[in-house]
Amino acid sequence: MTTQPNTAAPRRGVPIWVQVTIWAALLALLAIVAMGLRRAQQGTVQPGDEIPDFTLTLFDGYTYEGKSQVSFAELRGKVVVINFWASWCKPCEQEAADMEAAWRSYQPGGQVVFLGADYVDTEPEARGYLQKFDITYPNGPDLGTKISQFFRIKGVPETYFIDQQGKLVYVQVGPFSSEAQIHAIIDPLLK
Amino acid sequence: MLADFGFAILVITFVLAIYTIAAALYGHFAAQPKWVESARLAMLLSFPLLTLAALDLTYLLATGDFNVKFVYEVTSLDMPTYLKVTALWGGQSGSLLFWSWLMAAFTTAVTLRKWDRDREFLPWVILVSSVTMAFFLGLNVFFENPFARFWQTFEGVAAYTFKPENGIAFTPENGNGLNPLLRHPGMIIHPPMLYLGFVSFVIPYAFAIAALVTGRTDDRWIRITRRWTLVAWVFLSLGLVLGGRWAYDVLGWGGYWGWDPVEIAAFMPWLTGTAFLHSVMIQEKRGMLKHWNMILVILTYALVVFGTFLTRSGVLSSVHAFAKSAIGPAFFIFIGATFVISVALLIYRWDSLKAEGQMHSMFSREALFLLNNLLFMGILGICFWGVISPLVSELATGAKVTVGPPYYERAAGPLFAALVLLMGIAPLSAWGHVSLSNLANQNGMEMEKRYALGIARLLWKPAIPAVLTLIALLLLGIRNIYALIGLTFVALTTSITLYEFWRAARARSRAQKENFFLALWRLAGRNRRRYGGYVIHLGVILMAIGIIGIEMFQTETQQSLSVGESITLAGYTVQYDSLAQFQAEDGRWVTRAVMSVFRDGKFITELYPRYDVYADGQPMTIPGVRSTLADDLYVLLVNWEGVTSQIAPFKVYHNPLVNWLWLGSFIFIAGTLIAAWPDEEPEHAPARARKSRPAYQPGD
């Protein structure tokens, strides 16, 4: 292009530091995307996986054994059912009554604990939902989507069944269509 | 049999694409034009082959051969034929085939053009197109075969491409059926439009890469691909608008755009594409911004692929639930390779992309175009960060932070407003009006001042309607500052654009002694790109009116009504008359309310909001809408607390001006047609070659 042959650097190109920055940014972007992809490919946690400890902070008005928090470690020895839901989730409404009915049938026995984790929601709507379906088992917001990320949920509703040894035994993706379905999963674990 | 035939064709076309790549490369490096020609002919074959494959699959869909897994997934017996046919793009594997077919159509068209003057580009254009083609076909052949069939084996029923050992063909009695949400006219044309937009951006990208590789970095590649870019862009725009219309009609949230990752993924290439369409003009007229145009074209293509990948691989969650599949890693490698090769080439050729002209004035048209580009890039940055931030925050803090509509609206809103204003002012400016030698001395400053005054002189007349609009809005009692600013900008830009038409047509009608309208017609015919562009601007402005209307003035209310009761919103009274529940022919349960709408005590119309539940339990809320240019009354029957014939919950939205959004899009398309209509390609002499031309006057 240039008509002056005595230019000091006829082919300067892109300065090295710019090049390095560009490549670093590009690689960083690809790395981030690759991580996201790996996570997406993993899918939900699988039956047989051991579930480490997590804590669910409960909504006002809900308690577990008098406390406003449930720590998963305290529940060892019991069957734990953790249900992810949201007030904006229409399919969740289909199963809400069945979940509550199942809970009420196990509550007196004390061997099964139901937990509700409210995924990405606003509190007034969530409270309205809980009130509407008269849900009594411990429920709390999934703060910072920490718990749902651990379970790598794909959407709501999803329900996870964990046995007395803290091992995941069953994953239900999508709503239950009857209370009997829930019993069919829990009852064998209680034998 | 037909299924095996279809798969065989896919494999043959895939192999052919590989051959094309090899032949083009060999022909180039061995300097054997006959191999390049062979590659060109091989590329021409891909279109008829893929047409056959697509027809094959369409036939299987139309006849309901549920032995084929894809047919089972997206159709069912109760679906009408037109839906069965269009279900071709209702699922992942079919839409990939459809995508390849569209791309074959475009590459064929480009291969058939006259290449005499651009022989050196040919092998590289063939190479880029064929690599892309081979990639998409490879996805179909290795991961997502649309022709895979069900086989019964000892382990149960599963889909395989080839007959497994001891397998017996298994044909379900009925298919799953297309997702009810997708059974809408808007949804039938929305995906093909987006695909067309995406696919046709391959062509400008291929030429850009060809220009970089060959080092022929003058503006030839831009001149060749100009029309392609415009076509790609209008399809992409249409796809976006149709998607919005579909959301408005079907999703039942009273809106048209939710800043969902998938929407943004389609919007980002539109932003860079729009910026590119503007900045190429600077390169053509002034020989500047060559680097920038290269970056924009590469970015647009990269965003097309990146967006498709992000949303289809399950990396980002979205309301646009695509089936999860194994194509993620393959896509990732393709994207990585595209990015790395493009950036490497760009850095390698950086020096040869030097500008021939220089920016002389802050108010010159090139400076304003640059500002336009910066605004588009600003919006792109906002969008990109919004999309990527869940991934970044997960990495940094362990929590996935998703940003919502308020983030996008607050951050991008002012930039959109600035774009509207710029759209009005830029046409008044002139290309590089002050020469460099003059700029340094007093005389140059003087000229700059005179020029700015010239623009101001042109501005005052069109400013009158804008001021009047502002006063009228204030008198109407509107106090929302954002709406006032937005609508005033809109009025100003409209009046300037119309004034431009009027001024030019009047000058012509006087000079040529023509009737005013004839002059207007001929004027637009002589400079289609400019006047087509202005018409597009008018379309965008009308769309802006709709967007301001619904964003700033939407009101809503929700209430349970007994029969005979009513809700009042924005001067309308909506009365609940009756409710009917019945089963439709296709098996869905329909709950339909009859509502009477009154205004000032006078009956206007009846609306029928519906709540459909499909056989698989999926609900769908169809609004009852009364639509006028002034406003939409949008009534939803919500299944919140259970509907009975006595009492039913309703949600009513009042969406002022929203119809202008759809209306504007028609004008937008008309403008694009004017701008893109084929005409004689000028043999040489771009405007900037005429150096002797005297200094431009403002508004020239």
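The values are calculated or read from the model by the stated rules, or taken from the named source; none is laboratory data. Owing to the predicted nature of the structure, the values given are computational and were not obtained by experimental measurement. Don't worry about glycine lacking a Cβ; one is built from the backbone with ideal geometry, like all the others, and counts go over all protein chains shown.
Testing residue B:116 on (1) touching a helix residue (DSSP H, G or I) at 6+ places or on another chain (Cβ under 9 Å); (2) free of Cβ contacts under 8 Å to residues at least 12 places away in the same chain, one condition comes back false. Which one is that?
Failing condition for residue B:116: (1).
Could you tell me which residue of the range A:26-43 is modelled with the lowest pLDDT, considering only residues that are more than 7 Å from every other protein chain (Cβ to nearest Cβ) and under 16 Å from residue B:396 (Cα atoms)?
Only one residue tops the list, namely A:39.
Assess whether residue B:110 counts as being under 25 Å from residue B:185 (Cβ atoms), modelled with pLDDT of 85 or more and under 26 Å from the mean Cα position of the chain (by Cα).
No.
Does residue A:161 fit the bill of being among the hydrophobic types (A, V, I, L, M, F, W, C), closer than 16 Å to residue A:45 by Cβ and surrounded by fewer than 22 Cβ atoms within 10 Å (Cβ to Cβ)?
yes
Residue B:186 versus (1) assigned to a helix (DSSP H, G or I); (2) buried (at least 21 other Cβ atoms within 10 Å of the Cβ): which is the lone unmet condition?
Looking at each condition in turn, residue B:186 falls short on (2).
Results for (1) within 27 Å of residue B:78 (Cα to Cα); (2) touching a residue at least 40 places away in the same chain (Cβ under 8 Å), shown as yes or no for each residue.
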residue: B:587; (1), (2): yes, yes
residue: B:591; (1), (2): yes, yes
residue: B:598; (1), (2): no, no
residue: B:601; (1), (2): no, no
residue: B:604; (1), (2): no, no
residue: B:610; (1), (2): yes, no
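Assuming residue A:137 fulfils every condition listed in (1) in contact with an Asp or Glu (Cβ under 8 Å, 6 or more places away or on another chain); (2) modelled with pLDDT under 90; (3) surrounded by 20 or more Cβ atoms within 10 Å (Cβ to Cβ) apart from one, which condition is it?
Going through (1) in contact with an Asp or Glu (Cβ under 8 Å, 6 or more places away or on another chain); (2) modelled with pLDDT under 90; (3) surrounded by 20 or more Cβ atoms within 10 Å (Cβ to Cβ) one by one, residue A:137 breaks only (2).
Quick test for you: out of B:22, B:39, pick the one residue that is crowded, with 19+ Cβ neighbours inside 10 Å and closer than 22 Å to residue B:120 by Cβ.
Unique residue meeting the criteria: B:39.
Within the range B:573-582, does at least one residue satisfy the condition of being assigned by TED's automatic domain parsing to the domain that holds residue B:631 and part of a loop (DSSP other than H, G, I, E, B)?
no
When you scan the range A:99-146, how many residues do you find that are within 14 Å of chain B (Cβ to nearest Cβ) and not small (Gly, Ala, Ser)?
Selection size over the range A:99-146: 16.
Considering only the range B:499-520, state which residues are under 22 Å from residue B:541 (Cα atoms) and free of Cβ contacts under 8 Å to residues at least 24 places away in the same chain.
Those that are under 22 Å from residue B:541 (Cα atoms) and free of Cβ contacts under 8 Å to residues at least 24 places away in the same chain: B:502, B:504, B:505, B:520.
Looking at the range B:497-520 only, could you name the residues that are of a type in the set (Phe, Trp, Tyr) and within 23 Å of residue B:281 (Cα to Cα)?
Passing the criteria: B:499, B:501.
How many residues, within the range B:3-19, are more than 19 Å from residue B:129 (Cα to Cα) and surrounded by fewer than 16 Cβ atoms within 10 Å (Cβ to Cβ)?
3
With the condition kept exactly as written, say whether any residue in the range B:320-331 is more than 12 Å from chain A (Cβ to nearest Cβ) and either surrounded by fewer than 19 Cβ atoms within 10 Å (Cβ to Cβ) or modelled with pLDDT of 90 or more (or both).
Yes; the residues of the range B:320-331 include at least one that is more than 12 Å from chain A (Cβ to nearest Cβ) and either surrounded by fewer than 19 Cβ atoms within 10 Å (Cβ to Cβ) or modelled with pLDDT of 90 or more (or both).
With (1) under 25 Å from residue A:37 (Cα atoms); (2) within 10 Å of the chain's Cα centre (by Cα); (3) at pLDDT 80 or above as the list, and residue A:156 as the residue in question, which single condition is left unmet?
It is condition (3) that residue A:156 fails.
Yes/no matrix, rows are residues, columns are (1) in the same structural domain as residue B:374 (by TED's automatic domain parsing); (2) small (Gly, Ala, Ser); (3) modelled with pLDDT of 85 or more:
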site	(1), (2), (3)
B:417	yes, yes, yes
B:423	yes, no, yes
B:430	yes, yes, no
B:456	no, yes, no
B:469	no, no, yes
B:498	no, no, yes
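Here is a yes/no grid of residues against (1) modelled with pLDDT under 85; (2) over 23 Å from the mean Cα position of the chain (by Cα); (3) not β-branched (Val, Ile, Thr):
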{"position": "B:186", "(1), (2), (3)": "yes, no, yes"}
{"position": "B:199", "(1), (2), (3)": "no, no, no"}
{"position": "B:202", "(1), (2), (3)": "no, no, no"}
{"position": "B:207", "(1), (2), (3)": "no, no, yes"}
{"position": "B:213", "(1), (2), (3)": "no, yes, no"}
{"position": "B:219", "(1), (2), (3)": "yes, yes, yes"}
{"position": "B:227", "(1), (2), (3)": "yes, no, yes"}
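Pairs under 9 Å by beta carbon, first residue within 17 Å of residue B:268 (Cβ to Cβ) and at the interface with chain A (Cβ under 10 Å from one of its Cβ atoms) in the range B:368-397, partner among the small types (Gly, Ala, Ser) and not in a helix (DSSP H, G or I), six or more apart or different chains?
Sorted first by the residue in the range B:368-397, then by its partner, the pairs are B:390/B:317.
Take the conditions buried (at least 16 other Cβ atoms within 10 Å of the Cβ), among the aliphatic types (A, V, I, L, M) and without any contact (Cβ under 8 Å) to a residue 12 or more places away in the chain and apply them to residue A:51. Does it pass?
Spelling it out, it is not the case that residue A:51 is buried (at least 16 other Cβ atoms within 10 Å of the Cβ), among the aliphatic types (A, V, I, L, M) and without any contact (Cβ under 8 Å) to a residue 12 or more places away in the chain.
Scan the range A:62-81 and give yes if some residue there is under 20 Å from the mean Cα position of the chain (by Cα), within 14 Å of another protein chain (Cβ to nearest Cβ) and not hydroxyl-bearing (Ser, Thr, Tyr), otherwise no.
So far as the range A:62-81 goes, no, none of its residues is under 20 Å from the mean Cα position of the chain (by Cα), within 14 Å of another protein chain (Cβ to nearest Cβ) and not hydroxyl-bearing (Ser, Thr, Tyr).
Can you find even one residue in the range B:97-111 that is out of contact with any Lys or Arg (no Cβ under 7 Å at 6 or more places or on another chain), in a helix (DSSP H, G or I) and within 19 Å of residue B:179 (Cα to Cα)?
Yes, the range B:97-111 contains a residue that is out of contact with any Lys or Arg (no Cβ under 7 Å at 6 or more places or on another chain), in a helix (DSSP H, G or I) and within 19 Å of residue B:179 (Cα to Cα).
Among the listed residues B:491, B:452, B:504, which satisfies the condition of being assigned to a helix (DSSP H, G or I), modelled with pLDDT under 85, of a type in the set (Gly, Ala, Ser) and under 35 Å from the mean Cα position of the chain (by Cα)?
Step by step, each of B:491, B:452, B:504 is checked, and only B:504 is assigned to a helix (DSSP H, G or I), modelled with pLDDT under 85, of a type in the set (Gly, Ala, Ser) and under 35 Å from the mean Cα position of the chain (by Cα).
Look through B:603, B:666, B:598 and report the one residue that is assigned to a helix (DSSP H, G or I), surrounded by fewer than 18 Cβ atoms within 10 Å (Cβ to Cβ) and at pLDDT 70 or above.
One residue alone meets the criteria, B:666.
Please note which strands (runs of 3 or more DSSP E) are completely contained in the range A:68-181 and include at least 1 residues that are within 15 Å of residue A:52 (Cα to Cα) and among the β-branched types (Val, Ile, Thr).
Passing ranges, in order: A:69-71, A:79-85, A:158-162, A:168-173.
Please work out which residue is surrounded by the most Cβ atoms within 10 Å (Cβ to Cβ), limiting yourself to the range B:333-350 and to residues that are under 13 Å from residue A:34 (Cβ atoms) and of a type outside the set (Phe, Trp, Tyr).
B:335
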